Amino acid sequence: MKTKGRKKDKVNIVTLGCSKNIVDSEVMLTQLRGNKIDTTHEASSDDANIIIVNTCGFIDNAKQESIDTILRYADAKQEGLIDKLYVSGCLSQRYKDDLEQEIPQVDAFFGTMELPLLLKKFKANYKQELVGERILTTSNHYAYVKISEGCDRPCSFCAIPLMRGKHVSKPIEQIVLEAKNLAKNGTKELLLIAQDSTYYGLDIYGKRNLAELLKNLSDVEGIEWIRLHYAFPTGFPLDVLDVMAERDNICNYLDMPLQHGSTSVLKAMRRGTTREKQEELIQTIRQKVPGIALRTTLIAGYPGETEADFEEMVGFVERSRFERLGIFTYSHEENTHAHNFTDDVPETVKQQRANTVMDIQEKISFDINQEKIGGTFKTLIDRAEGGKFIGRTEFDSPEVDNEVIIESPDNHLRLGDFVNVKVNDATEFDLYGEVAKEL
Ligand code: SF4
């Protein structure tokens, strides 16, 4: 039964969660359109009669957002505004049975690896010939590239392996083909993502092969920036730093979630490392790639975290002077190893500790940005806003890091352009400047 007066189905994909989910939605979009199914992504217009919600199941807040989104469309279906509602992604993978009970308005739930099954609902087949092709939902000039799926790490607090399975690397040839296709379509920046990017290759090449992958991607014509995300500290392949230092189109940027800065908490988290080893690695990274921007993510309020543990983390953050840092409050996730312990740090204390770390980071980020005043930086233009242009330097990843606000009175810049920007002011998280010279 089609909604009133509707001749043809139209699908709207709604993506929640991380960049890996964005890639999954883009692959879904490409396959549906490849099967001649009218499909859009995050369309604000409500002219779609079939909704696919690609969910996140990582931690409490993300799960709540996913459930609220599903319920919103379940109501729309109840009111006859849409005909079909499908749910995919991590929350669906993790809680399929419960969700089927609780939200019967949903026509079907799919796991994280069940795109072919979802396509069947549209009498469509998974088109192998489209592998390596991708319709982007981000701006065309940058694209996330997933180099592997799943994770073999035992981090005690993490539910991701429950939703994404074991680590599976994509062959270098396949990733290079994807990069070439993206470059052909105008993409200039590749953001390499995975659950653990430094584990790359161990399964299919029997060795950590991220450095080799980086070299191959760096040779792809048209790619001006390659950015590395989700590195893991333990067993970090140092040859990656040599390639980063030698290749101009690999950003001096590294995202490496460290999760904590106290050795006893790192042990409890089963991270396989210590504060001391993390500090050593940071030093090595800064020596091998001078001027690198280090991004990290931490967790406050892990079960058993004492005031002393927290003070140790504060000291670690102050000494490491990360260029970019985010912190979450611990979320007690069932079926994880940490769920066997008592979630004994009160929510208020978790939040206080997270705020304390962010206050320290704000000062560090302010000081680091002050040092950039007077400097000129290659900047990628992402968007125009309020008569100004907004861009990023090689030290900034989209959505999560600093931005450069650029005065360009004669408005001649284009999105996706690289320009040199002379910085004349800076705040905690943004730089301000004017175009020095077009590149
Ligand atoms: S490496 Fe990341 S994805 Fe893997 S278990 Fe640890 S925190 Fe989770």
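Structure values in brief
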{"item": "Segment 256-265, subset more than 18 Å from H339 (Cβ to Cβ) and within 12 Å of the ligand (Cβ to nearest atom), residue farthest from the chain's Cα centre (by Cα)", "result": "L258"}
{"item": "From L266, L241, residue being open to solvent by less than 10 Å² (accessible area, probe 1.4 Å) and within 30 Å of V220 (Cβ to Cβ)", "result": "L241"}
{"item": "Matching residues in segment 162-206 - criterion: being open to solvent by 40 Å² or more (accessible area, probe 1.4 Å) and in contact with a Cys (Cβ under 8 Å, 6 or more places away or on another chain)", "result": "K166, Y199"}
{"item": "Test for R164: is it among the charged types (D, E, K, R), within 16 Å of the ligand (Cβ to nearest atom) and either assigned by TED's automatic domain parsing to the domain that holds Q31 or touching a residue at least 12 places away in the same chain (Cβ under 8 Å) (or both)", "result": "yes"}
{"item": "Count - residues of segment 249-263 that are crowded, with 20+ Cβ neighbours inside 10 Å and touching a helix residue (DSSP H, G or I) at 6+ places or on another chain (Cβ under 6 Å)", "result": "5"}
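The values are calculated or read from the model by the stated rules, or taken from the named source; none is laboratory data. Computed from a predicted structure; not experimentally measured. With ideal geometry, Cβ positions are generated from the backbone for all residues, glycine too; neighbour counts draw on all protein chains shown. Note: areas computed on protein heavy atoms with side chains; ligands, DNA, RNA excluded. Shrake-Rupley method; radii C 1.70, N 1.55, O 1.52, S 1.80 Å.
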